[in-house]
Every structure is written in C-alpha cells, then in structure tokens.
Amino acid sequence: MTIALYIRVSTEEQAREGFSIPEQQERLRAFCTAHGWTDYAFFIDDGYSAKDTNRPAFRRMTDDIRAGRIHMVITTKIDRLTRRLIDLLTFVDELDMYDCTYKSASETFDTGTAVGRMVLQLLGVFAEFERERIAERVRENMYHAAKQGRPVTAPCFGYDVADGQYVINEEEAHWVRKMVDMTLNGHGTWSVAKMLNENGVRTKRGREWTLKAVRVFLWKNEMLRGNTVWNQHARKNGRLIQRPPDEWLLVEGTHEPILDQETYRKLQDVLDRSQRAAPRSKGSRYLLSGLVFCGHCGAKMYGMDTTCKKNGREYRPPARYLCAGYTKKGQCFYHYIPCSALDQQVIREIVSLSQTDLDVPLHAVSVQENHIRGELSQSKRQLAFMDERFQRQIRAFELGILDEADLLEAKTRLNEEKRALREKIRTLEERVEAEVSPEAVQAKIRNRITTLQEAVENDDRERLKNGIREIVHQVTVYDGSRIEISFWV
C-alpha cells in the first residue's frame, strides 16, 4: 500500500511564501525521507479553495483509500486538507473505516491515537475560524469596491473589464440590442435563442444560447442599464440561492449603459407579463393556455384534445377548454368551450378595441404600475430598516463596542444612503402617477394591438401567443358560451 502526499494551493495563496506547490512537495518528500518511507504518491489540487472537498485530486485520493490502496495521508498542514471542521471530521471517520491514518508534517499528532484525534479536532476548529475570518475580510473589501463602482463580478454578455471598469463590447452589444428589439416586438425567448445560434453568437462562456439563458440574461439585469448589483446571491450546501433584497447592494451609474432607462423599463414590463404564464402553458399549443378561467368556480380551464369512439370508429372532436374544477376535483359541473371559437372571439375583441375611442369600460390592470409599486414598497421597508440599523449602532456605542468616531462615520454613511433612498422613493411615486394617466393607457393599448395584428397577418403563432398575453389579463367563461375579458394596460 502507498502513502498519499496531498498538496493543495488556492489561487490567492500561490504567491505567498511556503504555500507554493514545489515548496510543499519538497517538505513532504523530506518528511518521508526522515521516516524512511519510500512508497508514496503525490495528489495535487492546484488553484482550489479549502471551503469544500469537491476537488479532483482529493476525490481520486478518496477513491484509492476506499479501494485499500492507501494506508496513510500526509499534508504539510491541516488546512491543506480542509478548513471546514465538518469536512475534516467526516474525512477522519472515513479513514478509520478503511484502516488509514492522517499525519501533518508540521503539526505533531497522529490520528491513530485518541490524543491525536483530539488535537486534530482542535486544529480543525482554528482552521475553520481562520477560513471564516478570511471570507469576512474578502467580503468587506468587495463591498467597499462595489460601493465605489469598481468591478467585483464577472461582466455579463455585452461588457468587458478594462482599466478597472466595465466597458461596452460593441460586437456583443449589437446582439444585446437585437435581443431586446425582438422581445419588445413580441418574439419569445425561443425565437431569440434561435436567432443568436443561427448567427453563431455564443454566451460569455462560449456556449449556445437556450430559452433559459436568454431569459436569465434579460430579466432584471441591472448591468444593462449601467448599474452594478453585488451580494445578490450566495452558495449554500453547493447550491446558488438568492439573498433577501434588503441585503443587496445596488450602485447606480457605475458604467456606460447599453439600454436607456425607458427601453430597460419596457423590457422588464414585457418579461414580467410573460413570466405570468405557467411554465407548462409556454410550451402548450393552445393559444390561451393559462388565461382561461371558469366563471362559476374560479378554476382554470385547460385545453384538451382527445380521441373518442362511436359505433366502433375513432374520431377526434374539436379541441376544447374544460373546467379543471370539474375534471380534476369533481366540483362545479361539466361545461366547455371550443378552443377555436374562444381563440377567434378573443382576437376579434382585441382588434375591435383599435376601432373605438378606448373610452369603453375596461377592467384595466397595469403590470408596470404593480411592478413599480412593489419596488416602492421595498424601498420604504429599506428606509425603515436603516433607522433600526442606526439604533443598534447607538446601543453598540453605549456598550462600548463602538467609539465616537465610528458612530459618527456610521451616521454620515447612513444619512447619505437615506438621502439616495428618499430620492428614489420620490421618483417611483412620480412614475406611479404617470403610468396610470388616460393618455398612457390609450397609447399602450394601441401599440400592443398593432403588434398583435401583425402577428395575425403573418400567421406567427408564437408571436400571437405572446401578443395576447401583452393585452389580455384573464378570460372568464360562463356556461361554455358567455365570456368576459379583462385587459392589461
């Protein structure tokens, strides 16, 4: 059996004395020579952090331990193995299971004894503490860099980093504007991804575009309008999760925008409405999937196309929208409406709006207004949270944790943030008032009707489907015949 000499160095540690791969190799080789061990093999992870054990050489070494090919593991220091106590204990338990021991070339203990295991655990606690302190310092440095508008995250498609700032990549920006133009004109993410791939355009990572990649790129991507968002996501148990919005840091005007504010706002308006359709309805062949509701029980009505038998012969009745309250729950009563009849009636109702003065009593619901109101509500909560933060800092000053200079600095910084937030709240309140003016309502309706008419004339079903969702909020069916349509603004 062989001794495993495990070496690890992270990207940040490569330039520090005593951490390079050759230095670790030389030290481990000398350690083996001093003990008369000659049967050993190196396992090297170059450029990997100790935050977890998901490293290629570490996995190979673990496989060899389980196969009985290794009876001892040696590192220069315990933190070369891992900086997480739970990972360390799990690894040592597995070593015991396969009659394998662990030694450190610079720390005196042997996991083959009870005292050695106790010392190992104590060292593991300090290694984890050091890792968390390092992480805190890195986060603090990144926070201050982000507040100053310096790049702290990789640039998205359309941007590069040059001279310590985000700069527009004009070749990629051309395709960004093309993607936005297609989306605003009623094309779905499938059409956008198809266009990009047909033109040989690849993502920032060199991959082909997918429906999901297009949507993730366009939806709430603040970088496109010149802003930087930091601390939006975190990793937990290997998964990427989104932090609460009040923990984000949004810095406005950090670089030149690809999209102006009005275009960005219109884009988010369109994407928010398309998001409202259920994932299954997006791929459905039924034109009004996700929009049709039963007027009696409030359940959705689903498109259904079945094969029936009569007198021994199969036939296919016209596709229909059926009440799910009856078919899935046994509630309500059996009623339906033919898909083609409802589709045509909804399109006629929409087109007829262009022939009126738009003073008809529409049940108008503004998605953009709802979006702005949500952002406004969140901003007001953040403002209230700032007052709570300062109260905690005052208590820290009273307890002697903060000195007077720190308290004054915190107060100045907080006042600046509150001033910016109050200005943002004022702007959002003005936008809410402007969004619901009669002129704005009429202009939006006419523009969306024009887009839908073009889709009907060109027999573009995907664009027609998206166009209907731009205008129709809900279709309510009564007794399989009478319908009511409520519209978005």
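The values are calculated or read from the model by the stated rules, or taken from the named source; none is laboratory data. Bear in mind that the values here come from a model prediction, so they are computed numbers and not experimental data. Don't worry about glycine lacking a Cβ; one is built from the backbone with ideal geometry, like all the others, and counts go over all protein chains shown.
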Close pairs from the stretch 62-85: first in a loop (DSSP other than H, G, I, E, B), partner among the aliphatic types (A, V, I, L, M) and at pLDDT 90 or above, Cβ under 8 Å, at least 6 apart: Thr76/Ile7; Thr76/Leu28; Leu81/Val73
Taking first residues from the stretch 35-48 that are on the phi < 0 side of the Ramachandran plot and second residues anywhere that are assigned to a loop (DSSP other than H, G, I, E, B) and at pLDDT below 95, the pairs with Cβ under 7 Å that are 6 or more apart or on different chains are Asp45/Arg55; Tyr48/Ser10; Tyr48/Arg55
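Might you let me know whether the stretch 243-262 holds any residue that is basic (Lys, Arg) and either in contact with a strand residue (DSSP E or B) (Cβ under 9 Å, 6 or more places away or on another chain) or under 30 Å from Ile86 (Cβ atoms) (or both)?
Within the stretch 243-262, the first condition is being basic (Lys, Arg), and the residues that meet it are 243.
Checking which are either in contact with a strand residue (DSSP E or B) (Cβ under 9 Å, 6 or more places away or on another chain) or under 30 Å from Ile86 (Cβ atoms) (or both) leaves us with 243.
There is at least one residue in the stretch 243-262 that is basic (Lys, Arg) and either in contact with a strand residue (DSSP E or B) (Cβ under 9 Å, 6 or more places away or on another chain) or under 30 Å from Ile86 (Cβ atoms) (or both).
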Working only within the stretch 192-219, note down all residues that are under 19 Å from Gln232 (Cβ atoms) and either in a helix (DSSP H, G or I) or at pLDDT below 85 (or both). Lys212, Ala213, Arg215, Val216, Phe217, Leu218, Trp219
Filter result for Ala234 (under 26 Å from Ile471 (Cβ atoms), aliphatic (A, V, I, L, M) and at pLDDT below 75): no
Top-ranked residue in the stretch 157-185 [being at pLDDT below 90 and assigned to a loop (DSSP other than H, G, I, E, B); ranked as surrounded by the fewest Cβ atoms within 10 Å (Cβ to Cβ)]: Asp163
Report every pair of residues separated by at least 6 positions or lying on different chains whose Cβ atoms are under 6 Å apart, first residue within the stretch 415-430 and in contact (Cβ under 8 Å) with a residue 40 or more places away in the chain, second surrounded by 13 or more Cβ atoms within 10 Å (Cβ to Cβ) and among the aliphatic types (A, V, I, L, M). Leu421/Leu383; Leu428/Ile372; Leu428/Leu376
Only residues in the stretch 197-219 that are in the same structural domain as Leu267 (by TED's automatic domain parsing) count as the first member; pair them with residues that are buried (at least 16 other Cβ atoms within 10 Å of the Cβ) and not hydrophobic (A, V, I, L, M, F, W, C), Cβ under 7 angstrom, at least 6 apart or cross-chain, and list the lot. Trp209/Thr203; Leu211/Thr189; Ala213/Thr203; Val214/Thr189; Arg215/Thr189; Leu218/Thr183
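Could you check the stretch 459-480 and list, in sequence order, the residues that are in contact with a helix residue (DSSP H, G or I) (Cβ under 9 Å, 6 or more places away or on another chain) and assigned to a loop (DSSP other than H, G, I, E, B)? Full working, then the answer.
Just the residues of the stretch 459-480 that are in contact with a helix residue (DSSP H, G or I) (Cβ under 9 Å, 6 or more places away or on another chain), to begin with: 460-473, 475, 477.
Asp460, the sole residue that qualifies.
Within the group Leu196, Leu211, which residue is among the hydrophobic types (A, V, I, L, M, F, W, C) and surrounded by fewer than 18 Cβ atoms within 10 Å (Cβ to Cβ)? Reasoning before the result, please.
Working: Leu196 fails: surrounded by fewer than 18 Cβ atoms within 10 Å (Cβ to Cβ).
Going through Leu196, Leu211 in turn, just one is among the hydrophobic types (A, V, I, L, M, F, W, C) and surrounded by fewer than 18 Cβ atoms within 10 Å (Cβ to Cβ): Leu211.
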For Ala341, all conditions in the list (1) hydrophobic (A, V, I, L, M, F, W, C); (2) closer than 18 Å to Asp479 by Cα; (3) in contact (Cβ under 8 Å) with a residue 24 or more places away in the chain hold save one; what is the number of the exception? (3)
Do we find a residue being farther than 22 Å from Glu107 by Cα and either part of a strand (DSSP E or B) or touching a Phe, Trp or Tyr at 6+ places or on another chain (Cβ under 6 Å) (or both) anywhere in the stretch 32-44? no
Which members of the stretch 309-323 meet the condition of being within 41 Å of the chain's Cα centre (by Cα) and in a strand (DSSP E or B)? Arg320, Tyr321, Leu322, Cys323
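From the list Val292, Val270, which residue is at pLDDT below 90, of a type in the set (Val, Ile, Thr), buried (at least 19 other Cβ atoms within 10 Å of the Cβ) and under 27 Å from Thr450 (Cβ atoms)? Give the steps one after another, and end with the answer.
Working: Val292 fails: at pLDDT below 90.
So the residue among Val292, Val270 that is at pLDDT below 90, of a type in the set (Val, Ile, Thr), buried (at least 19 other Cβ atoms within 10 Å of the Cβ) and under 27 Å from Thr450 (Cβ atoms) is Val270.
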Filtered residues of the stretch 386-418 (kept if farther than 17 Å from Lys147 by Cβ, surrounded by 12 or more Cβ atoms within 10 Å (Cβ to Cβ), at pLDDT 75 or above and among the acidic types (Asp, Glu)): none
